[in-house]
Amino acid sequence: MNKVKVRFAPSPTGDLHIGGVRTALFNWLFARHHDGKFVLRIEDTDLERSTKESVQQIISAMKWVGLNWDEGPDVGGDFGPYYQSERNEFYRKALDYLLEKGRAYYCYCTPEEIDQYRKEAEASGKPSIYPGRCRHLTEEEIKKYKEEGRQPTIRLKTPTEGYTVVNDIIRGEVSFENNLIGDLIIAKSDGTPTYNLACVVDDHLMGITHVIRAEEHLSNTPKQILIYQALDYPIPEFAHVPMILAPDRSKLSKRHGATSVDEFKDLGYLPQALINYLLLLGWSPGNNEEVIPLEQAIRDFDLKDVSKTAAVYDVQKLTWMNGVYMKELPLEEIVQQAMPFIKKAAYIGDNPTDDEMKRLYRIVDVVRERSRTLTELVEGMDYFYNEVEEYEEKGVKKHFQPDDTLMVLENDLDCLEKVEPFEESAIEELYRQRSEELGIKAARMIHTTRLALSGRTFGPSVFTLIELVGREKAIERLKKAIDFVKENK
(Lines give C-alpha, C1' and ligand atoms only; values in the text may rest on other atoms or scores of the structure.)
Protein backbone atom coordinates (compact mmCIF):
# COMPACT_ATOMS: atom_id res chain seq x y z
CA MET A 1 0.00 0.00 0.00
CA ASN A 2 1.26 3.48 -0.90
CA LYS A 3 1.54 5.98 1.91
CA VAL A 4 -2.10 6.51 2.90
CA LYS A 5 -3.55 9.93 2.22
CA VAL A 6 -7.22 10.74 2.67
CA ARG A 7 -9.35 13.85 2.68
CA PHE A 8 -12.52 15.33 4.06
CA ALA A 9 -14.00 17.81 1.60
CA PRO A 10 -17.11 19.59 2.92
CA SER A 11 -19.06 22.24 1.04
CA PRO A 12 -19.41 25.44 3.12
CA THR A 13 -23.12 25.90 2.48
CA GLY A 14 -24.31 25.37 6.04
CA ASP A 15 -23.35 24.05 9.46
CA LEU A 16 -21.28 20.88 9.74
CA HIS A 17 -23.72 17.97 10.07
CA ILE A 18 -23.00 14.96 12.29
CA GLY A 19 -23.03 12.80 9.15
CA GLY A 20 -20.14 14.89 7.84
CA VAL A 21 -18.28 14.57 11.12
CA ARG A 22 -18.71 10.78 11.04
CA THR A 23 -17.24 10.73 7.50
CA ALA A 24 -14.36 12.97 8.63
CA LEU A 25 -13.80 10.71 11.65
CA PHE A 26 -13.55 7.54 9.55
CA ASN A 27 -11.04 9.27 7.23
CA TRP A 28 -9.05 10.59 10.19
CA LEU A 29 -8.93 7.20 11.91
CA PHE A 30 -7.90 5.44 8.70
CA ALA A 31 -5.07 7.93 8.19
CA ARG A 32 -3.88 7.72 11.79
CA HIS A 33 -4.11 3.90 11.83
CA HIS A 34 -1.85 3.69 8.76
CA ASP A 35 0.43 6.55 9.83
CA GLY A 36 -0.81 8.49 6.81
CA LYS A 37 -2.06 12.01 6.16
CA PHE A 38 -5.47 13.60 6.58
CA VAL A 39 -6.37 16.58 4.38
CA LEU A 40 -9.14 19.13 4.88
CA ARG A 41 -10.29 20.61 1.57
CA ILE A 42 -13.06 23.18 1.25
CA GLU A 43 -15.22 22.57 -1.82
CA ASP A 44 -16.57 26.08 -2.29
CA THR A 45 -17.17 26.17 -6.05
CA ASP A 46 -20.88 26.81 -5.41
CA LEU A 47 -20.27 30.54 -5.10
CA GLU A 48 -23.94 31.40 -4.60
CA ARG A 49 -24.41 29.19 -1.55
CA SER A 50 -20.90 29.04 -0.05
CA THR A 51 -20.15 31.48 2.75
CA LYS A 52 -17.12 32.48 4.79
CA GLU A 53 -19.23 31.95 7.93
CA SER A 54 -19.78 28.32 7.01
CA VAL A 55 -16.06 27.85 6.34
CA GLN A 56 -15.24 29.17 9.81
CA GLN A 57 -17.98 27.07 11.36
CA ILE A 58 -16.61 23.91 9.72
CA ILE A 59 -13.06 24.65 10.84
CA SER A 60 -14.21 25.50 14.38
CA ALA A 61 -16.38 22.37 14.61
CA MET A 62 -13.58 20.12 13.37
CA LYS A 63 -11.20 21.56 15.94
CA TRP A 64 -13.80 21.22 18.71
CA VAL A 65 -14.28 17.49 18.09
CA GLY A 66 -10.50 17.04 17.96
CA LEU A 67 -10.01 16.03 14.31
CA ASN A 68 -6.80 17.80 13.32
CA TRP A 69 -5.59 17.88 9.71
CA ASP A 70 -2.10 17.59 8.23
CA GLU A 71 -2.85 19.74 5.20
CA GLY A 72 -5.55 22.32 4.64
CA PRO A 73 -6.81 25.74 5.78
CA ASP A 74 -4.89 27.23 8.73
CA VAL A 75 -2.20 24.57 8.23
CA GLY A 76 -1.11 24.85 4.60
CA GLY A 77 0.76 22.13 2.76
CA ASP A 78 2.58 21.35 -0.47
CA PHE A 79 -0.54 20.65 -2.53
CA GLY A 80 -2.67 23.74 -2.00
CA PRO A 81 -4.58 25.92 -2.33
CA TYR A 82 -7.06 24.01 -0.18
CA TYR A 83 -10.08 26.02 -1.31
CA GLN A 84 -11.51 24.83 -4.63
CA SER A 85 -12.41 28.41 -5.56
CA GLU A 86 -8.67 29.11 -5.74
CA ARG A 87 -7.78 26.13 -7.94
CA ASN A 88 -9.27 27.10 -11.30
CA GLU A 89 -5.92 26.92 -13.15
CA PHE A 90 -5.72 23.20 -12.38
CA TYR A 91 -9.22 22.56 -13.67
CA ARG A 92 -8.57 24.57 -16.83
CA LYS A 93 -5.48 22.48 -17.61
CA ALA A 94 -7.46 19.28 -17.15
CA LEU A 95 -10.25 20.54 -19.41
CA ASP A 96 -7.76 21.60 -22.08
CA TYR A 97 -6.15 18.15 -21.94
CA LEU A 98 -9.50 16.39 -22.42
CA LEU A 99 -10.46 18.67 -25.32
CA GLU A 100 -7.08 18.24 -27.01
CA LYS A 101 -7.31 14.47 -26.70
CA GLY A 102 -10.80 14.49 -28.14
CA ARG A 103 -12.21 13.01 -24.93
CA ALA A 104 -14.46 16.00 -24.25
CA TYR A 105 -16.42 18.41 -26.40
CA TYR A 106 -18.29 21.71 -26.28
CA CYS A 107 -22.05 21.36 -25.93
CA TYR A 108 -24.18 24.24 -27.18
CA CYS A 109 -27.57 22.79 -26.21
CA THR A 110 -29.79 25.17 -24.28
CA PRO A 111 -31.52 24.21 -21.03
CA GLU A 112 -34.81 24.16 -22.96
CA GLU A 113 -33.39 21.72 -25.52
CA ILE A 114 -31.99 19.50 -22.76
CA ASP A 115 -35.41 19.45 -21.12
CA GLN A 116 -37.01 18.50 -24.43
CA TYR A 117 -34.55 15.59 -24.88
CA ARG A 118 -35.48 14.39 -21.40
CA LYS A 119 -39.20 14.53 -22.11
CA GLU A 120 -38.79 12.66 -25.39
CA ALA A 121 -36.71 9.96 -23.70
CA GLU A 122 -39.28 9.52 -20.93
CA ALA A 123 -42.11 9.35 -23.47
CA SER A 124 -40.35 6.56 -25.37
CA GLY A 125 -39.37 4.70 -22.22
CA LYS A 126 -35.64 5.35 -22.64
CA PRO A 127 -33.18 6.56 -19.97
CA SER A 128 -33.37 10.34 -19.61
CA ILE A 129 -29.71 10.99 -20.38
CA TYR A 130 -28.13 13.44 -22.79
CA PRO A 131 -28.24 11.87 -26.30
CA GLY A 132 -24.85 13.22 -27.43
CA ARG A 133 -26.35 15.78 -29.81
CA CYS A 134 -23.21 17.98 -29.85
CA ARG A 135 -20.62 15.19 -30.10
CA HIS A 136 -20.26 15.59 -33.85
CA LEU A 137 -21.10 19.21 -34.65
CA THR A 138 -19.90 20.63 -37.96
CA GLU A 139 -17.90 23.85 -38.21
CA GLU A 140 -20.98 25.53 -39.65
CA GLU A 141 -23.16 24.46 -36.72
CA ILE A 142 -20.59 25.65 -34.20
CA LYS A 143 -20.28 29.02 -36.02
CA LYS A 144 -24.07 29.38 -36.04
CA TYR A 145 -24.33 28.68 -32.30
CA LYS A 146 -21.57 31.16 -31.51
CA GLU A 147 -23.29 33.83 -33.58
CA GLU A 148 -26.45 33.18 -31.56
CA GLY A 149 -24.42 33.96 -28.44
CA ARG A 150 -24.73 30.49 -26.95
CA GLN A 151 -22.29 29.82 -24.10
CA PRO A 152 -21.28 26.16 -24.25
CA THR A 153 -20.76 23.68 -21.49
CA ILE A 154 -18.08 21.02 -21.77
CA ARG A 155 -19.08 17.37 -21.74
CA LEU A 156 -17.04 14.23 -21.27
CA LYS A 157 -17.37 11.56 -23.93
CA THR A 158 -18.46 8.52 -21.98
CA PRO A 159 -18.67 4.96 -23.34
CA THR A 160 -22.10 3.85 -24.51
CA GLU A 161 -21.49 0.14 -23.91
CA GLY A 162 -20.18 -2.05 -21.13
CA TYR A 163 -19.92 -1.39 -17.42
CA THR A 164 -17.92 0.79 -15.06
CA VAL A 165 -17.06 -1.20 -11.95
CA VAL A 166 -16.46 0.32 -8.52
CA ASN A 167 -14.39 -1.89 -6.26
CA ASP A 168 -15.61 -0.57 -2.94
CA ILE A 169 -13.71 -1.56 0.21
CA ILE A 170 -16.94 -1.66 2.22
CA ARG A 171 -19.52 -2.77 -0.35
CA GLY A 172 -17.47 -4.95 -2.63
CA GLU A 173 -17.91 -4.81 -6.40
CA VAL A 174 -20.64 -2.47 -7.66
CA SER A 175 -21.32 -2.29 -11.42
CA PHE A 176 -22.91 0.56 -13.36
CA GLU A 177 -24.14 0.38 -16.95
CA ASN A 178 -22.33 2.94 -19.07
CA ASN A 179 -25.35 3.52 -21.31
CA LEU A 180 -27.20 4.89 -18.26
CA ILE A 181 -24.51 7.46 -17.43
CA GLY A 182 -24.50 9.66 -20.52
CA ASP A 183 -22.01 12.36 -21.51
CA LEU A 184 -21.29 14.26 -18.31
CA ILE A 185 -21.08 18.02 -18.05
CA ILE A 186 -17.62 18.66 -16.63
CA ALA A 187 -17.62 22.46 -17.00
CA LYS A 188 -20.53 24.85 -16.79
CA SER A 189 -21.29 27.50 -19.40
CA ASP A 190 -19.44 30.11 -17.30
CA GLY A 191 -16.31 27.94 -17.37
CA THR A 192 -16.42 26.73 -13.77
CA PRO A 193 -15.86 23.01 -13.26
CA THR A 194 -18.60 20.70 -12.07
CA TYR A 195 -18.23 18.80 -8.81
CA ASN A 196 -17.16 15.55 -10.48
CA LEU A 197 -14.29 17.08 -12.46
CA ALA A 198 -13.00 19.30 -9.64
CA CYS A 199 -13.14 16.42 -7.18
CA VAL A 200 -11.13 14.12 -9.46
CA VAL A 201 -8.50 16.74 -10.33
CA ASP A 202 -8.03 17.74 -6.69
CA ASP A 203 -7.84 14.17 -5.39
CA HIS A 204 -5.25 13.31 -8.03
CA LEU A 205 -3.07 16.39 -7.59
CA MET A 206 -3.22 16.11 -3.81
CA GLY A 207 -2.15 12.46 -3.94
CA ILE A 208 -5.29 11.04 -2.32
CA THR A 209 -4.97 7.26 -2.12
CA HIS A 210 -8.37 6.43 -0.60
CA VAL A 211 -11.64 8.27 -1.13
CA ILE A 212 -13.77 7.55 1.95
CA ARG A 213 -17.11 9.30 1.81
CA ALA A 214 -20.84 9.02 2.37
CA GLU A 215 -22.98 6.43 0.61
CA GLU A 216 -24.87 9.16 -1.23
CA HIS A 217 -21.76 9.74 -3.37
CA LEU A 218 -21.66 6.16 -4.65
CA SER A 219 -23.65 7.15 -7.76
CA ASN A 220 -20.95 9.78 -8.55
CA THR A 221 -18.15 7.25 -8.40
CA PRO A 222 -18.55 5.60 -11.85
CA LYS A 223 -18.67 9.10 -13.39
CA GLN A 224 -15.48 10.02 -11.58
CA ILE A 225 -13.77 6.80 -12.58
CA LEU A 226 -14.52 7.65 -16.22
CA ILE A 227 -12.97 11.09 -15.67
CA TYR A 228 -9.88 9.51 -14.06
CA GLN A 229 -9.51 7.25 -17.08
CA ALA A 230 -10.00 10.09 -19.57
CA LEU A 231 -7.33 12.17 -17.79
CA ASP A 232 -4.96 9.17 -17.64
CA TYR A 233 -4.91 9.39 -13.84
CA PRO A 234 -4.44 6.36 -11.58
CA ILE A 235 -7.69 5.50 -9.79
CA PRO A 236 -7.72 5.65 -5.97
CA GLU A 237 -9.51 3.16 -3.77
CA PHE A 238 -13.08 3.94 -2.76
CA ALA A 239 -15.10 3.28 0.38
CA HIS A 240 -18.65 4.50 0.90
CA VAL A 241 -19.87 4.60 4.49
CA PRO A 242 -23.54 3.94 5.32
CA MET A 243 -26.10 6.67 5.86
CA ILE A 244 -27.24 7.81 9.30
CA LEU A 245 -31.01 7.45 9.56
CA ALA A 246 -33.49 8.87 12.05
CA PRO A 247 -35.11 6.50 14.60
CA ASP A 248 -38.07 6.05 12.21
CA ARG A 249 -35.51 5.09 9.51
CA SER A 250 -36.23 8.22 7.48
CA LYS A 251 -33.52 10.62 6.41
CA LEU A 252 -32.12 12.43 9.43
CA SER A 253 -33.23 16.06 9.48
CA LYS A 254 -33.80 18.96 11.87
CA ARG A 255 -37.28 17.69 12.68
CA HIS A 256 -35.58 14.86 14.56
CA GLY A 257 -33.71 17.30 16.80
CA ALA A 258 -30.12 18.50 16.77
CA THR A 259 -28.13 17.48 13.69
CA SER A 260 -25.17 19.89 13.53
CA VAL A 261 -22.03 19.93 15.66
CA ASP A 262 -22.78 23.42 16.97
CA GLU A 263 -26.26 22.35 18.08
CA PHE A 264 -24.85 19.46 20.11
CA LYS A 265 -22.20 21.74 21.56
CA ASP A 266 -24.86 24.26 22.60
CA LEU A 267 -26.92 21.47 24.20
CA GLY A 268 -23.99 20.61 26.45
CA TYR A 269 -22.61 17.47 24.83
CA LEU A 270 -18.90 16.76 25.14
CA PRO A 271 -16.79 16.38 21.97
CA GLN A 272 -15.30 13.12 23.25
CA ALA A 273 -18.76 11.60 23.71
CA LEU A 274 -20.03 12.82 20.35
CA ILE A 275 -17.01 11.35 18.56
CA ASN A 276 -17.30 8.06 20.47
CA TYR A 277 -20.98 7.82 19.59
CA LEU A 278 -20.43 8.59 15.90
CA LEU A 279 -17.62 6.04 15.81
CA LEU A 280 -20.11 3.30 16.63
CA LEU A 281 -22.63 4.42 14.00
CA GLY A 282 -21.64 1.97 11.32
CA TRP A 283 -18.43 0.56 12.83
CA SER A 284 -17.85 -2.01 15.53
CA PRO A 285 -14.62 -3.10 17.23
CA GLY A 286 -15.93 -6.68 17.23
CA ASN A 287 -16.80 -6.85 20.93
CA ASN A 288 -19.34 -5.29 23.24
CA GLU A 289 -17.25 -2.27 24.16
CA GLU A 290 -19.06 1.04 23.83
CA VAL A 291 -16.84 3.58 25.52
CA ILE A 292 -13.76 3.61 23.30
CA PRO A 293 -10.90 6.10 23.73
CA LEU A 294 -9.58 7.60 20.50
CA GLU A 295 -6.19 5.94 21.00
CA GLN A 296 -7.88 2.54 21.02
CA ALA A 297 -10.05 3.45 18.02
CA ILE A 298 -6.94 4.42 16.02
CA ARG A 299 -5.37 1.06 16.85
CA ASP A 300 -8.44 -1.03 16.00
CA PHE A 301 -10.08 0.86 13.13
CA ASP A 302 -10.46 -1.04 9.86
CA LEU A 303 -12.71 -0.06 6.95
CA LYS A 304 -13.59 -3.72 6.47
CA ASP A 305 -15.41 -3.60 9.81
CA VAL A 306 -17.70 -0.80 8.63
CA SER A 307 -21.26 -1.97 8.08
CA LYS A 308 -22.94 -1.86 4.67
CA THR A 309 -26.32 -1.08 6.22
CA ALA A 310 -27.54 2.30 7.42
CA ALA A 311 -26.94 3.28 11.03
CA VAL A 312 -29.85 4.50 13.16
CA TYR A 313 -29.32 7.63 15.22
CA ASP A 314 -30.40 7.38 18.85
CA VAL A 315 -30.08 10.54 20.95
CA GLN A 316 -30.83 8.60 24.14
CA LYS A 317 -27.76 6.44 23.55
CA LEU A 318 -25.67 9.54 22.90
CA THR A 319 -26.96 11.16 26.09
CA TRP A 320 -26.15 8.04 28.11
CA MET A 321 -22.65 7.96 26.65
CA ASN A 322 -22.20 11.65 27.39
CA GLY A 323 -23.11 10.95 31.01
CA VAL A 324 -20.35 8.35 31.18
CA TYR A 325 -17.81 10.87 29.93
CA MET A 326 -19.14 13.47 32.38
CA LYS A 327 -18.12 11.15 35.20
CA GLU A 328 -14.88 9.75 33.76
CA LEU A 329 -13.09 12.69 32.17
CA PRO A 330 -10.63 14.66 34.31
CA LEU A 331 -12.39 17.30 36.40
CA GLU A 332 -10.33 20.07 34.80
CA GLU A 333 -11.60 19.05 31.36
CA ILE A 334 -15.23 19.13 32.50
CA VAL A 335 -14.81 22.56 34.10
CA GLN A 336 -13.15 23.89 30.95
CA GLN A 337 -15.96 22.59 28.71
CA ALA A 338 -18.62 23.83 31.13
CA MET A 339 -17.17 27.29 31.65
CA PRO A 340 -19.17 29.03 28.85
CA PHE A 341 -22.38 27.62 30.39
CA ILE A 342 -21.29 28.56 33.90
CA LYS A 343 -20.50 32.14 32.90
CA LYS A 344 -23.75 32.44 30.97
CA ALA A 345 -25.57 31.41 34.16
CA ALA A 346 -23.61 34.17 35.96
CA TYR A 347 -22.36 31.82 38.66
CA ILE A 348 -18.92 33.42 38.45
CA GLY A 349 -17.50 36.51 36.77
CA ASP A 350 -14.75 36.88 34.20
CA ASN A 351 -12.03 37.20 36.85
CA PRO A 352 -12.90 34.74 39.64
CA THR A 353 -10.71 34.54 42.74
CA ASP A 354 -8.75 31.43 43.65
CA ASP A 355 -11.27 30.64 46.40
CA GLU A 356 -14.18 30.99 43.96
CA MET A 357 -12.49 28.62 41.51
CA LYS A 358 -11.64 26.14 44.25
CA ARG A 359 -15.30 26.08 45.33
CA LEU A 360 -16.44 25.84 41.71
CA TYR A 361 -14.27 22.78 41.10
CA ARG A 362 -15.73 21.05 44.17
CA ILE A 363 -19.29 21.86 43.13
CA VAL A 364 -18.75 20.61 39.57
CA ASP A 365 -17.17 17.44 40.91
CA VAL A 366 -20.14 16.54 43.10
CA VAL A 367 -22.84 17.60 40.65
CA ARG A 368 -21.41 15.88 37.56
CA GLU A 369 -22.12 12.45 39.03
CA ARG A 370 -25.82 12.92 38.26
CA SER A 371 -25.44 15.04 35.12
CA ARG A 372 -25.68 13.66 31.60
CA THR A 373 -24.85 16.92 29.82
CA LEU A 374 -23.18 20.22 30.61
CA THR A 375 -26.57 21.93 30.59
CA GLU A 376 -27.80 19.47 33.22
CA LEU A 377 -24.60 20.12 35.17
CA VAL A 378 -25.23 23.86 35.25
CA GLU A 379 -28.88 23.33 36.18
CA GLY A 380 -27.72 21.09 39.03
CA MET A 381 -25.37 23.81 40.29
CA ASP A 382 -28.12 26.42 40.53
CA TYR A 383 -28.88 26.20 44.26
CA PHE A 384 -25.21 26.65 45.15
CA TYR A 385 -25.28 30.10 43.57
CA ASN A 386 -28.91 31.24 43.55
CA GLU A 387 -31.63 31.47 46.19
CA VAL A 388 -34.09 28.59 46.56
CA GLU A 389 -37.37 30.01 45.31
CA GLU A 390 -39.55 26.91 45.62
CA TYR A 391 -39.57 23.34 46.87
CA GLU A 392 -40.39 20.20 44.92
CA GLU A 393 -44.05 19.37 45.48
CA LYS A 394 -43.40 15.69 46.18
CA GLY A 395 -40.67 16.70 48.64
CA VAL A 396 -43.00 19.02 50.52
CA LYS A 397 -45.59 16.26 50.92
CA LYS A 398 -43.07 13.72 52.09
CA HIS A 399 -40.64 15.77 54.17
CA PHE A 400 -42.33 19.06 55.19
CA GLN A 401 -45.87 17.90 56.06
CA PRO A 402 -45.32 15.26 58.81
CA ASP A 403 -46.19 16.45 62.34
CA ASP A 404 -42.60 16.44 63.58
CA THR A 405 -41.26 18.62 60.72
CA LEU A 406 -40.77 21.83 62.73
CA MET A 407 -38.95 19.95 65.46
CA VAL A 408 -36.67 18.29 62.92
CA LEU A 409 -35.92 21.52 61.04
CA GLU A 410 -35.17 23.38 64.28
CA ASN A 411 -32.69 20.68 65.24
CA ASP A 412 -31.14 20.85 61.74
CA LEU A 413 -30.74 24.58 62.30
CA ASP A 414 -29.27 24.15 65.77
CA CYS A 415 -26.69 21.66 64.47
CA LEU A 416 -25.54 24.02 61.70
CA GLU A 417 -25.31 26.97 64.07
CA LYS A 418 -23.16 25.02 66.55
CA VAL A 419 -21.00 22.63 64.47
CA GLU A 420 -17.26 23.26 64.43
CA PRO A 421 -15.46 23.14 62.12
CA PHE A 422 -18.04 23.70 59.39
CA GLU A 423 -16.87 20.72 57.37
CA GLU A 424 -18.53 17.68 55.88
CA SER A 425 -17.24 15.09 58.39
CA ALA A 426 -18.01 17.20 61.47
CA ILE A 427 -21.51 18.03 60.17
CA GLU A 428 -22.28 14.38 59.53
CA GLU A 429 -21.03 13.34 62.96
CA LEU A 430 -23.22 15.93 64.72
CA TYR A 431 -26.30 15.07 62.62
CA ARG A 432 -26.03 11.38 63.44
CA GLN A 433 -25.43 12.10 67.10
CA ARG A 434 -28.45 14.45 67.26
CA SER A 435 -30.76 12.02 65.45
CA GLU A 436 -29.82 9.32 67.96
CA GLU A 437 -30.58 11.69 70.85
CA LEU A 438 -33.97 12.52 69.31
CA GLY A 439 -34.75 8.88 68.65
CA ILE A 440 -35.34 9.44 64.93
CA LYS A 441 -33.58 8.17 61.83
CA ALA A 442 -30.72 10.29 60.52
CA ALA A 443 -32.44 10.18 57.14
CA ARG A 444 -35.28 12.29 58.54
CA MET A 445 -32.87 15.15 59.34
CA ILE A 446 -30.96 14.62 56.09
CA HIS A 447 -34.02 14.82 53.81
CA THR A 448 -35.46 17.92 55.44
CA THR A 449 -32.10 19.66 55.23
CA ARG A 450 -31.64 18.74 51.59
CA LEU A 451 -35.07 20.06 50.64
CA ALA A 452 -34.55 23.26 52.63
CA LEU A 453 -31.10 23.97 51.14
CA SER A 454 -31.69 22.95 47.52
CA GLY A 455 -35.45 22.79 46.99
CA ARG A 456 -34.90 19.26 45.63
CA THR A 457 -35.18 15.70 46.86
CA PHE A 458 -32.02 14.44 45.16
CA GLY A 459 -28.43 15.54 44.68
CA PRO A 460 -24.96 15.01 46.11
CA SER A 461 -24.27 13.92 49.68
CA VAL A 462 -26.21 16.28 51.93
CA PHE A 463 -23.14 16.86 54.11
CA THR A 464 -21.08 17.91 51.07
CA LEU A 465 -24.02 20.07 50.03
CA ILE A 466 -24.15 21.80 53.42
CA GLU A 467 -20.44 22.56 53.45
CA LEU A 468 -20.47 23.95 49.89
CA VAL A 469 -23.56 26.10 50.47
CA GLY A 470 -21.78 27.56 53.51
CA ARG A 471 -22.91 28.16 57.09
CA GLU A 472 -24.50 31.56 56.52
CA LYS A 473 -26.58 30.53 53.52
CA ALA A 474 -27.48 27.15 55.03
CA ILE A 475 -28.81 28.79 58.21
CA GLU A 476 -30.71 31.38 56.19
CA ARG A 477 -32.38 28.71 54.05
CA LEU A 478 -33.30 26.54 57.03
CA LYS A 479 -35.00 29.53 58.70
CA LYS A 480 -36.86 30.19 55.45
CA ALA A 481 -38.01 26.54 55.37
CA ILE A 482 -39.20 26.78 58.99
CA ASP A 483 -41.28 29.84 58.07
CA PHE A 484 -42.68 27.98 55.04
CA VAL A 485 -43.76 25.03 57.19
CA LYS A 486 -45.40 27.32 59.78
CA GLU A 487 -47.31 29.17 57.07
CA ASN A 488 -48.57 25.98 55.47
CA LYS A 489 -49.62 24.11 58.59
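The values are calculated or read from the model by the stated rules, or taken from the named source; none is laboratory data. In this text, all values refer to a predicted model and were calculated from it rather than measured experimentally. Here Cβ is always computed from backbone atoms with ideal geometry, including for glycine, and neighbour counts include all displayed protein chains. All accessible areas refer to the heavy atoms of the entire protein, side chains included, with ligands and DNA or RNA removed. Shrake-Rupley method; radii C 1.70, N 1.55, O 1.52, S 1.80 Å.
Just for helices (runs of 4 or more DSSP H) wholly inside segment 408-489: which have at least 2 residues that are of a type in the set (Gly, Ala, Ser) and on the phi < 0 side of the Ramachandran plot? Here the list reads 424-438, 442-454, 471-487.
One line per residue, one yes/no per condition, for (1) of a type outside the set (S, T, N, Q); (2) farther than 23 Å from residue 222 by Cβ; (3) within 37 Å of the chain's Cα centre (by Cα):
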site: 106; (1), (2), (3): yes, yes, no
site: 117; (1), (2), (3): yes, no, no
site: 144; (1), (2), (3): yes, yes, no
site: 169; (1), (2), (3): yes, no, yes
site: 187; (1), (2), (3): yes, no, yes
site: 205; (1), (2), (3): yes, no, yes
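Meeting the requirement of 3 or more residues that are open to solvent by 50 Å² or more (accessible area, probe 1.4 Å), the strands (runs of 3 or more DSSP E) wholly within segment 86-202 are 163-168, 172-177. Would you check if there is a residue in segment 275-289 being among the aliphatic types (A, V, I, L, M) and either open to solvent by 70 Å² or more (accessible area, probe 1.4 Å) or under 24 Å from residue 339 (Cβ atoms) (or both)? Checked segment 275-289: at least one residue is among the aliphatic types (A, V, I, L, M) and either open to solvent by 70 Å² or more (accessible area, probe 1.4 Å) or under 24 Å from residue 339 (Cβ atoms) (or both). Restricting attention to segment 300-322 and to residues that are of a type in the set (Ser, Thr, Tyr) and not in a helix (DSSP H, G or I), the residue that is farthest from residue 368 (Cα to Cα) turns out to be 309. Of all residues in segment 236-250, those that are over 20 Å from residue 213 (Cα atoms) have Cβ atoms under 8 Å from Cβ atoms of residues that are part of a strand (DSSP E or B) and open to solvent by 20 Å² or more (accessible area, probe 1.4 Å), 6 or more apart or on another chain, in 247/312; 249/312.
The condition (being under 20 Å from residue 284 (Cα atoms), more than 15 Å from the chain's Cα centre (by Cα) and crowded, with 19+ Cβ neighbours inside 10 Å) is satisfied by just one residue among 26, 30: 30.
Rundown of residues vs (1) among the acidic types (Asp, Glu); (2) open to solvent by 80 Å² or more (accessible area, probe 1.4 Å); (3) under 49 Å from the mean Cα position of the chain (by Cα), yes/no style:
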site: 423; (1), (2), (3): yes, yes, yes
site: 435; (1), (2), (3): no, no, no
site: 439; (1), (2), (3): no, no, no
site: 446; (1), (2), (3): no, no, yes
site: 449; (1), (2), (3): no, no, yes
site: 453; (1), (2), (3): no, no, yes
site: 461; (1), (2), (3): no, no, yes
site: 468; (1), (2), (3): no, no, yes
site: 480; (1), (2), (3): no, yes, yes
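Is there a residue being over 23 Å from the mean Cα position of the chain (by Cα) and open to solvent by 30 Å² or more (accessible area, probe 1.4 Å) anywhere in segment 317-328? No, segment 317-328 contains no residue that is over 23 Å from the mean Cα position of the chain (by Cα) and open to solvent by 30 Å² or more (accessible area, probe 1.4 Å). In segment 389-397, is there at least one residue being touching an Asp or Glu at 6+ places or on another chain (Cβ under 7 Å) and either among the polar types (S, T, N, Q) or surrounded by 14 or more Cβ atoms within 10 Å (Cβ to Cβ) (or both)? No, segment 389-397 has no match at all. Residue 339 meets the conditions (1) open to solvent by 50 Å² or more (accessible area, probe 1.4 Å); (2) free of Cβ contacts under 8 Å to residues at least 12 places away in the same chain in every case but one. The failed one is (1). Kindly indicate whether residue 345 is hydrophobic (A, V, I, L, M, F, W, C), surrounded by 12 or more Cβ atoms within 10 Å (Cβ to Cβ) and within 19 Å of the chain's Cα centre (by Cα). So residue 345 fails the test. Quick check on segment 44-65. Is at least one of its residues in a strand (DSSP E or B), in contact (Cβ under 8 Å) with a residue 60 or more places away in the chain, farther than 21 Å from residue 271 by Cβ and open to solvent by less than 60 Å² (accessible area, probe 1.4 Å)? No: segment 44-65 contains no residue that is in a strand (DSSP E or B), in contact (Cβ under 8 Å) with a residue 60 or more places away in the chain, farther than 21 Å from residue 271 by Cβ and open to solvent by less than 60 Å² (accessible area, probe 1.4 Å). The residues of segment 109-148 that are closer than 20 Å to residue 195 by Cα and in contact with a Leu (Cβ under 8 Å, 6 or more places away or on another chain) amount to a single one, 129.
The residue of segment 213-240 that is farthest from the chain's Cα centre (by Cα), among those that are part of a loop (DSSP other than H, G, I, E, B) and within 21 Å of residue 39 (Cβ to Cβ), is 231.
Of the residues making up segment 372-405, those that are closer than 28 Å to residue 324 by Cβ and either touching a strand residue (DSSP E or B) at 6+ places or on another chain (Cβ under 8 Å) or part of a loop (DSSP other than H, G, I, E, B) (or both) number 4.
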